[in-house]
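This report refers to the structure that appears directly beneath it.
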Amino acid sequence: MNRLCDSMEPKVMDDDMLKLAVGEQGPQEEAGQLAKQEGILFKDVLSLQLDFRNILRIDNLWQFENLRKLQLDNNIIEKIEGLENLTHLVWLDLSFNNIETIEGLDTLVNLEDLSLFNNRISKIDSLDALVKLQVLSLGNNQIDNMMNIVYLRRFQCLRTLSLSGNPISEAEDYKMFICAYLPDLVYLDFRRIDDHTKELAEAKHQYSIDELKHRENLMQVRLQDERARQEELEKHKTAFVEHLNGSFLFDSMYAEDSEGNKLSYLPGVSELLEAYKDKFVIICVNIFEYGLKQQEKRKIELDTFSECVHEAIQENQEQGKRKIAQFEEKHLSSLSAIREESELPNIEKMILECSADVSELFNELMMLEMQLVEQLEETINMFERNIVDMVGLFIENVQSLMAQCRDLENHHHEKLLEISISTLEKIVKGDLDEDLPDDLRALFVDKDTIVNAVGASHDIHLLKIDNREDELVTRINSWCTRLVDKIHKDEIMRNRKRVKEINQYIDHMQSELDNLEYSDILD
Amino acid sequence: MEVLREKVEEEEEAEREEAAKRAEWARTEKMMRPVEVRKEETTLTQEMLRDLEKKLSEIQIPISAELPAFTKDTIDISKLPVSYKTNTPKEEHLLQVADNFSRQYSHLCPDRVPLFLHPLNECEVPKFVSTTLRPTLMPYPELYNWDSCAQFVSDFLTMVPLPDPLKPPSHLYSSTTVLNYQKGNCFDFSTMLCSMLIGSGYDAYCVNGYGSLDLCHMDLTREVCPLTVKPKETVQKEEKVLPKKYTIRPPRDLCSRFEQEQEVKKQQEIRAQEKKQLREEEERLMEAEKAKPDALHGLRVHSWVLVLSGKREVPENFFIDAFTGHSYSTQDERFLGIESLWNHKNYWINMQDCWNCCKDLIFDLGDPVRWEYMLLGTDKSQLSLTEEDDSGINDEDDVENLGKEDEDKSFDMPHSWVEQIEISPEAFETRCPNGKKVIQYKRAKLEKWAPYLNSNGLVSRLTTYEDLECTNILEIKEWYQNREDMLELKHINKTTDLKIDYFKPGHPQALRVHSYKSMQPEMDRVIEFYETARVDGLIKREETARTMTEYYQGRPDFLSYRHANFRPRVKKLALSSAESNPRPIVKITEQFFRNPAKPAEEDVAERVFLLAEERIQLRYHCRDDHITASKREFLRRTEVDSKGNKIIMTPDMCISFEVEPMEHTKKLLYQYEAMMHLKREEKLSRHQVWESELEVLEILKLREEEEAAHTLTISIYDTKRNEKSKEYREAMERVMHEEHLRQVETQLDYLAPFLAQLPPGEKLTRWQAVRLKDECLSDFKQRLINKANLIQARFEKETQELQKKQQWYQENQVTLTPEDEDLYLSYCSQAMFRIRILEQRLNRHKELAPLKYLALEEKLYKDPRLGELQKIFA
């Protein structure tokens, strides 16, 4: 890399350099004069060429937000940096530089053509974000591991690749390997891959490729499964009844309950527990199904509401458009009449008429808008009432179901207590048949201990149930408030926008009329 | 008769004229070179004659039936089969039964007219009417349904009125004869139609009854032509959408209800008045149109077809008048009564009263009180079925058994004596007698022609008149078929002089509809296109004297509409044609569909090029949630500032209104670029308009050429008309024939001459077989040798001759003229060629001869007639 430029003074990418380049590469001739007159904003520039400038460090490019094409070739850049803001970039040329690792390209999601020819890169990676990549040029680098090719399999659009001049291109299997592992590739090292080569390569590497494909497929399937499960859960979450379609709540009740677990070894308790669990799960599933059904209902309600609102707004817009079209037709004809009129008093009269028309239009449009606001307000209030009622009903029903859960728990607690006390009595009398685990036996010291233990277990269970209930209620309430807030806010925004639009239009019309007046007076 | 006499007179006149003309011609012939004036005179008379001829041919004889055209002497009965000329014993029996039935009937109902049971056929043999029906399923799929069938019968036959309108005819001819002569009375019509309908599975009956005058004379002049009746627009009932839960409430109505009511009342009154007037007008018209009362009303005998519901998914009983092919409800008041009806199996007499036309008749043929049947045990058991419908299956079984018993006792109808109805494809296509038919309707005339009969492809013409007398033409519709320019329908409105041509897909210019008043360019005209067939997606182009409007669909640049205004052409001093001097364009308006790829505020909806004012107006599309759209106006004037520099762009050259003001559009550079782009576009649009004008000229020229040429296309499947395919087919047949001949040749029997020597029919002994084989082989060998010798001899002869000639040439070489030398040389080359060919043939023969010999031996060995040989060798 002993290039001539190495010996020269490196330059800094400053504002002057950029301005100069932009000016040189901007529009020419008449348009150029205009451009010079006005100055060009960096963010309007679409393509920039900065080659042979001895740049050492990429800098100062953050203003070029809309840049599509950037050429930084033949400099002495050592690190890819400062390109984070150029998200619209499609073409990036960094060839003939001193770059050692690929980095800093993670935001350039639109990049299609990347050239890193003649650098010092030894490994292909950090290109994951470049999903649209079509052309990749990595010739004259120091890539020496064939496995780098496998990394390129993830780029679905990649059609052109150049890797000549790398250590791996010396390998005798180089071409076959690439053709086999990248079957969608069309050009390799600036040459078209013919079908024959492709077939040969496929045949040669079939075994390993099949294995690779199999692995990739497995991964894909697993990912899909995961996604499906996630979606399902998401759906349940929107209905606020996630994890209620099974024994999840019941299990969580016993997860942190050491006493309860210990007590389950008591004779007769396991059967009791089994029955309790069955009943509990049935109630949970009831809640779950009820939740889904209610969710569906709420969705339908919301859909109808938004459909109706949308229709109303559309209708209103149509009316507005019609009014404006009528007005414009009339306005145009009266404007041309004014232009043709030569008598000054007549002109003034006509202009007055015109401005009356404009204000009339303003009134009409505003009236329409006010009418719509009123109508929508009424509808929104009705919807709000309904949705709040629905949520209230849902909460009420869920609470009653939860109360059933609590009853079950109480019932279970009583039974357990009974068994425990009778066991204690037996132990005290010494006629216990079965062997109990030691830590359980430790509880049966006296009545207080055992009652406390059972009571603690019971408290934990109740707490869990209460928590679940509270969570559900809070979440649905907050959802409801947020929804209603959003609807109100949207409506206000819409209204503001429309009023602004109308005002703007009317102002424009009025100013046009005023201009006419002035020019006529001047004449 | 008056008309007829007139006609005769006119014909005579024409003949006289003809004779005069001929004489004139003769005279002019004699005079050798006639004077110019004379010649003109003759041509004049010729033209007049032609006119006269045309006029004569236009005169139509309204009812040709006065001539007794269809009598038995004109019918050639020699070719008819025996069943037409004699009766089988079963038929005799049937006639006896019928006579008996008739006697009983006349005894029981003495006040009713005698029955129409067994009229004579064309061979003067009495035949029972049911046996004259010959159910036939036609081989044409077009004739499978009743409507097309009836239409065909009405088109195919010419109507002849009954000799006596008050009595059924004495003769009823077979369908064979009727088809041959394409003429018939109402009984012939209905017999044929009934045969065809029963053949295709309908429950159809011939009816002998009484009809109105119009019906009996096939007089449609009081009928509205079915083609002129506009299909009633089915008023789609707007489905009332249930107001959704959150539909917004309409704003409060602040109008006075009382005022509204008053307004409605007033309008209703006015409407009622109008309606009343209209009704009066209508009544007056109806009165005028109503027929004069018929003296013989209710006595005129007519025959038609009754189709009963049940079979072929016919939902309801109806009548078909075979004359017109129209269907009528059984309630129609033109059908005044039914005497009897029959199908191919039985005969029924109507026992119901017909005082109220046919309106009260019940067509339940199984009811013996209403319908007296002649033969017992036919399949008509509607009554019993309807009555015992709700009783159990057992009962039905009983009924079936009963039926069987009845059948045993009953006498069933003999098979029809008529041959199957046959219609040749040519006749089917030609349809009407001579391929032409004229029907007169109320205020309309319909003419029909067979396809390919008219050289311009005209197949039917409907002329609509203003008045009942058919003198003032309102409009003419002409239907065409098989035209190369795909013209389908020509509609000429005589009052507005507007002509509309409709085309089928496939015109070279993708024309669909062309409506115009004159073929001159730059006049009012609308041309519609099949837009998918055009590259530019043009749907419609409208032209007036000063404007041209084009509508597009499905273009990649989303152009939907272009409108150009012209100024009258500036008169140039230099002479120039219309093309080189296009009309100056004042204004071009273009509209675009929404391009979903662009944001609305950058997507132009309409642009107007005001060429005269050098102004360009743009209007953008409206965003979904907005009611106003951006606008921009460019003034294109190039001006010079105070220092004499050219002003490139100033802010006042572009006035814009933006819904959402953006920064970059305020820039002069942006505006400048936009304006440059628009300038280029303007040039393109002007060019487009100019090209459209040229295209119109081209279309008009093409249309004129097509009208003049009016060539017809012939389908490649039309084997009769397609000359090319005919030739090809004939060539193929010839080739096949030759091939066949050759095959016959190769299968020559070598053994035949030798076998002929032996006594026939005897089995060959082994010795005989061996001898036969040897003889055959030696003979063949001899023949091969002979052939070789023959070729050899010819070869030698040719060589000798050549040698002689050469010798002669050597000797006379000096004295020969160049021509002789040429002759000699050509002879030499020819001779050499012959010798070479002979040599080749000889060589080939030598090669092939042993093979042929072996092949024959093999063949003989395998010959079954010499089986003896095989046995031994085996």
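The values are calculated or read from the model by the stated rules, or taken from the named source; none is laboratory data. Every value quoted in this text rests on a predicted model; they were computed, and no experiment measured them. As a convention, Cβ positions derive from the backbone with ideal geometry for all residues, glycine included, and neighbour counts pool all protein chains shown. Surface areas here come from the heavy atoms of the whole protein model, side chains and all, with no ligands, DNA or RNA. Shrake-Rupley method; radii C 1.70, N 1.55, O 1.52, S 1.80 Å.
Scan the stretch A:310-320 residue by residue and report those that are open to solvent by less than 60 Å² (accessible area, probe 1.4 Å) and either within 7 Å of chain B (Cβ to nearest Cβ) or among the acidic types (D, E) (or both).
Matches in the stretch A:310-320: A:A312, A:Q317, A:G320.
Residues of the stretch B:500-542 being within 18 Å of B:Y552 (Cβ to Cβ) and assigned to a loop (DSSP other than H, G, I, E, B), which ones?
B:Q509, B:A510, B:Y530, B:R534, B:V535, B:D536, B:G537
Examine the stretch A:386-402 for a residue that is in the same structural domain as A:D251 (by the TED database), open to solvent by less than 40 Å² (accessible area, probe 1.4 Å), more than 36 Å from the chain's Cα centre (by Cα) and polar (S, T, N, Q), and state whether such a residue exists.
No, because not a single residue in the stretch A:386-402 is in the same structural domain as A:D251 (by the TED database), open to solvent by less than 40 Å² (accessible area, probe 1.4 Å), more than 36 Å from the chain's Cα centre (by Cα) and polar (S, T, N, Q).
Hey, can you tell me all the residues within the stretch B:353-371 that are open to solvent by less than 30 Å² (accessible area, probe 1.4 Å) and in a loop (DSSP other than H, G, I, E, B)?
Hits for the stretch B:353-371 are B:C357, B:C358, B:L361, B:F363, B:D364, B:L365, B:G366, B:D367.
Kindly indicate which of A:L483, A:L443 is buried (at least 16 other Cβ atoms within 10 Å of the Cβ) and not in a helix (DSSP H, G or I).
The conditions single out A:L443.
Scanning the stretch B:649-669 for residues that are in contact with an Asp or Glu (Cβ under 7 Å, 6 or more places away or on another chain), assigned to a loop (DSSP other than H, G, I, E, B) and open to solvent by 40 Å² or more (accessible area, probe 1.4 Å), which turns out nearest to the other protein chains (Cβ to nearest Cβ)?
B:K667
Taking the residues in the stretch B:476-487 that are of a type in the set (D, E) and modelled with pLDDT under 90 as candidates, determine which candidate is surrounded by the most Cβ atoms within 10 Å (Cβ to Cβ).
B:D485
Give the residue that is least open to solvent (accessible area, probe 1.4 Å), with candidates limited to residues of the stretch B:423-439 that are over 12 Å from B:F156 (Cβ atoms) and hydrophobic (A, V, I, L, M, F, W, C).
Checking each candidate, the answer is B:I439.
Answer with yes or no whether A:N74 is open to solvent by 10 Å² or more (accessible area, probe 1.4 Å), of a type outside the set (A, V, I, L, M), more than 14 Å from every other protein chain (Cβ to nearest Cβ) and in contact with a Phe, Trp or Tyr (Cβ under 7 Å, 6 or more places away or on another chain).
Here the answer is yes, as A:N74 does meet what is asked.
Identify the single condition in (1) touching a helix residue (DSSP H, G or I) at 6+ places or on another chain (Cβ under 6 Å); (2) more than 14 Å from chain B (Cβ to nearest Cβ); (3) open to solvent by 40 Å² or more (accessible area, probe 1.4 Å); (4) at pLDDT 90 or above that A:E259 does not satisfy, given that it satisfies every other one.
Tallying (1) touching a helix residue (DSSP H, G or I) at 6+ places or on another chain (Cβ under 6 Å); (2) more than 14 Å from chain B (Cβ to nearest Cβ); (3) open to solvent by 40 Å² or more (accessible area, probe 1.4 Å); (4) at pLDDT 90 or above, A:E259 fails exactly one: (4).
Yes or no: the stretch A:512-521 includes at least one residue that is within 14 Å of chain B (Cβ to nearest Cβ), open to solvent by less than 40 Å² (accessible area, probe 1.4 Å), closer than 30 Å to A:L344 by Cβ and out of contact with any helix residue (DSSP H, G or I) (no Cβ under 6 Å at 6 or more places or on another chain).
Yes, the stretch A:512-521 contains a residue that is within 14 Å of chain B (Cβ to nearest Cβ), open to solvent by less than 40 Å² (accessible area, probe 1.4 Å), closer than 30 Å to A:L344 by Cβ and out of contact with any helix residue (DSSP H, G or I) (no Cβ under 6 Å at 6 or more places or on another chain).
Identify, from the list B:D603, B:D641, the residue that is away from every other protein chain (no Cβ under 11 Å) and modelled with pLDDT of 85 or more.
Step by step, each of B:D603, B:D641 is checked, and only B:D603 is away from every other protein chain (no Cβ under 11 Å) and modelled with pLDDT of 85 or more.
Answer yes or no as to whether A:L436 is over 17 Å from A:K262 (Cβ atoms) and either not in a helix (DSSP H, G or I) or not hydroxyl-bearing (S, T, Y) (or both).
In short, no.
Look at the stretch A:369-402 and say how many of its residues are among the polar types (S, T, N, Q), more than 11 Å from chain B (Cβ to nearest Cβ) and either under 14 Å from A:L302 (Cβ atoms) or in contact with a Phe, Trp or Tyr (Cβ under 8 Å, 6 or more places away or on another chain) (or both).
1
Could you give me the residue pairs with C-beta distances under 9 Å whose first residue belongs to the stretch B:88-117 and is open to solvent by 80 Å² or more (accessible area, probe 1.4 Å), whose second residue is of a type in the set (G, A, S) wherever it lies, and which are 6+ apart or on separate chains?
These pairs meet every condition: B:P114/B:S102; B:P114/B:S106.
Out of everything in the stretch A:356-368 that is within 14 Å of chain B (Cβ to nearest Cβ) and either without any contact (Cβ under 8 Å) to a residue 12 or more places away in the chain or buried (at least 17 other Cβ atoms within 10 Å of the Cβ) (or both), what residue ends up being farthest from the chain's Cα centre (by Cα)?
Among residues in the stretch A:356-368 that are within 14 Å of chain B (Cβ to nearest Cβ) and either without any contact (Cβ under 8 Å) to a residue 12 or more places away in the chain or buried (at least 17 other Cβ atoms within 10 Å of the Cβ) (or both), the one farthest from the chain's Cα centre (by Cα) is A:V358.
Taking the conditions exactly as written (part of a helix (DSSP H, G or I), within 14 Å of chain B (Cβ to nearest Cβ) and without any contact (Cβ under 8 Å) to a residue 24 or more places away in the chain), does A:E353 satisfy them or not?
no
Enumerate the pairs (first residue in the stretch B:529-540 and among the small types (G, A, S); second residue anywhere and outside any strand (DSSP E or B)) with beta-carbon separation below 7 Å, excluding pairs fewer than 6 apart on the same chain, so at least 6 apart or on different chains.
That search, which allows pairs on different chains as well, returns B:A533/B:P505; B:A533/B:A510; B:G537/B:E531; B:G537/B:Q553; B:G537/B:G554; B:G537/B:R555.
If you take the residues of the stretch B:613-633 that are more than 13 Å from chain A (Cβ to nearest Cβ) and over 20 Å from A:Q319 (Cα atoms), which of them is modelled with the lowest pLDDT?
Per the criteria, the residue is B:E614.
Between A:Y174, A:Y207, which is surrounded by fewer than 13 Cβ atoms within 10 Å (Cβ to Cβ) and among the hydroxyl-bearing types (S, T, Y)?
That would be A:Y207, the only listed residue that is surrounded by fewer than 13 Cβ atoms within 10 Å (Cβ to Cβ) and among the hydroxyl-bearing types (S, T, Y).
Working carefully through the options A:L218, A:L223, A:L158, A:L244, find the one that is in a loop (DSSP other than H, G, I, E, B) and at pLDDT 90 or above.
A:L158
Please give the number of the condition A:Y290 fails out of (1) touching an Asp or Glu at 6+ places or on another chain (Cβ under 9 Å); (2) at pLDDT 90 or above.
If we test A:Y290 against (1) touching an Asp or Glu at 6+ places or on another chain (Cβ under 9 Å); (2) at pLDDT 90 or above, just (1) comes out false.
Going through the stretch A:23-53 one residue at a time, which ones are more than 38 Å from the chain's Cα centre (by Cα), farther than 25 Å from B:P651 by Cα and crowded, with 16+ Cβ neighbours inside 10 Å?
Across the stretch A:23-53, the qualifying residue is only A:R53.
Restricting attention to the stretch B:280-338, and to residues there that are part of a loop (DSSP other than H, G, I, E, B) and among the aliphatic types (A, V, I, L, M), which single residue is farthest from B:L143 (Cα to Cα)?
Here the residue is B:A295.
Look at the stretch B:441-460 and say how many of its residues are in a strand (DSSP E or B) and crowded, with 18+ Cβ neighbours inside 10 Å.
8
Being modelled with pLDDT under 90, open to solvent by less than 100 Å² (accessible area, probe 1.4 Å) and not in a helix (DSSP H, G or I) is true for just one of B:L825, B:L816. Which residue is that?
B:L816
Which of (1) surrounded by fewer than 16 Cβ atoms within 10 Å (Cβ to Cβ); (2) within 14 Å of another protein chain (Cβ to nearest Cβ); (3) modelled with pLDDT of 90 or more is the odd one out, the single condition A:I282 does not satisfy?
(2)
Those residues that are touching a residue at least 40 places away in the same chain (Cβ under 8 Å) and open to solvent by less than 60 Å² (accessible area, probe 1.4 Å), I need them from the stretch B:502-528; list them, please.
Selection gives B:Q509, B:L511, B:H514, B:M519, B:P521, B:E522, B:R525, B:I527.
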